[in-house]
Amino acid sequence: MAITSISKQAGAILALLALVSACEGLSIPSAQRTQADFKRIPFQTVAQEISFQSEDGTRLAGQLDRPPGLTNPPLVFIIHHSGPVDRDAYQYLAARLVPAGYAVFRFDKRGTGRSEGIYGCCEDRDALAAYRAAMAQDGIDRSCVFIIAQSIGTHILAQRFGEFVGIHRPAGVVLLSSLLPGEKILAIQAPLHIIISDSEPNQAALGEEAVKIHRAVYRYGASYFIAPHTEHTLFDISEGPIDWSDPDWPEKFSQDAWLSLLGWLNGRCASRGCQEHDTREMEGSPGSPAP
């Protein structure tokens, strides 16, 4: 998993991408299109494979996971962090959200997983195409659609937010590992929750100050949470740095960050009266609150 400053490998990837033009992209051998082997957290799901086209005609692949037994659950749509990663980069999040009563849409970036094309181009257009595909599906509560964006994904969402709204206005937005300090947060015209690491050097600008600015301009409501003992992508480092070569890394997502995320989503669902939101299975789900 390519991660900002914590991983030297991620830094090397980002440096390489900076040398590649936005249109030419980065060619990834087919043998490397699937992420390195790591633990997939088991969970019950009704999974649907979805094929869709980006703006330039490139065929992309995504997956919609629905909670078994729910016909119209709220939907969480995920916008990736940086790097050539497929849908399983967020399997750990789907494994927590689906048992908690949420449908989850995630996709393979172009040139990864089952998506065609060459990685390094058009991430914003691909994210819009994925959102359009997600909203074309039946069996979700369209009054309770949430967008979760992480790291570079927060930039993508901010830059094209009006177009996301044009497809379907979200009931709320969660920025994980936000990169939107100060007035940049004003691009997100929706109910907002920000979760950032306590290791962020500009913690105040990304959290408290951003929320104050958002609240001063909009009436949607905004909040933030600082996850203790975490690295940039909100994985727990209380026992030392994350070893991304360890296949068990998905289990180290911060419990505090997870509870903040779930609590905010559940609160938004309650306030909007989502058609069918069932949290009865939450107690036994990965990442659920300890008894």
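Looking only at segment 91-108, decide whether some residue is farther than 15 Å from R40 by Cα and among the polar types (S, T, N, Q).
no
Considering each of A210, A270, A257 in turn, give the residue that is modelled with pLDDT of 95 or more, outside any loop (DSSP other than H, G, I, E, B), more than 13 Å from R96 (Cα to Cα) and of a type in the set (G, A, S).
A210
Does segment 77-128 hold any residues that are more than 23 Å from E251 (Cβ to Cβ) and of a type in the set (K, R), and which are they?
K109, R110, R114, R125
Scan (1) touching a helix residue (DSSP H, G or I) at 6+ places or on another chain (Cβ under 6 Å); (2) within 29 Å of P241 (Cβ to Cβ); (3) surrounded by fewer than 22 Cβ atoms within 10 Å (Cβ to Cβ); (4) β-branched (V, I, T) for the single condition I196 breaks and write down its number.
Every listed condition holds for I196 apart from (3).
Filter segment 59-80 down to residues that are assigned to a loop (DSSP other than H, G, I, E, B) and out of contact with any helix residue (DSSP H, G or I) (no Cβ under 6 Å at 6 or more places or on another chain) and give me whichever is surrounded by the most Cβ atoms within 10 Å (Cβ to Cβ).
The selected residue is P73.
Conditions tested, residue by residue: (1) under 16 Å from F77 (Cβ atoms); (2) in a loop (DSSP other than H, G, I, E, B); (3) modelled with pLDDT of 95 or more.
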site: G101; (1), (2), (3): yes, yes, yes
site: V104; (1), (2), (3): yes, no, yes
site: A133; (1), (2), (3): yes, no, yes
site: I148; (1), (2), (3): yes, no, yes
site: Q189; (1), (2), (3): no, yes, yes
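Conditions first: (1) surrounded by 21 or more Cβ atoms within 10 Å (Cβ to Cβ); (2) in a helix (DSSP H, G or I); (3) of a type in the set (V, I, T). V165 passes all but one, so which condition is the exception?
(1)
Identify, from the list R110, R96, the residue that is in a helix (DSSP H, G or I) and in contact with a Gly (Cβ under 7 Å, 6 or more places away or on another chain).
Every option except R96 fails the conditions.
The values are calculated or read from the model by the stated rules, or taken from the named source; none is laboratory data. Because the structure is a prediction, the values reported are computed rather than measured. Virtual Cβ from ideal backbone geometry, glycine too; neighbours counted across all protein chains shown.
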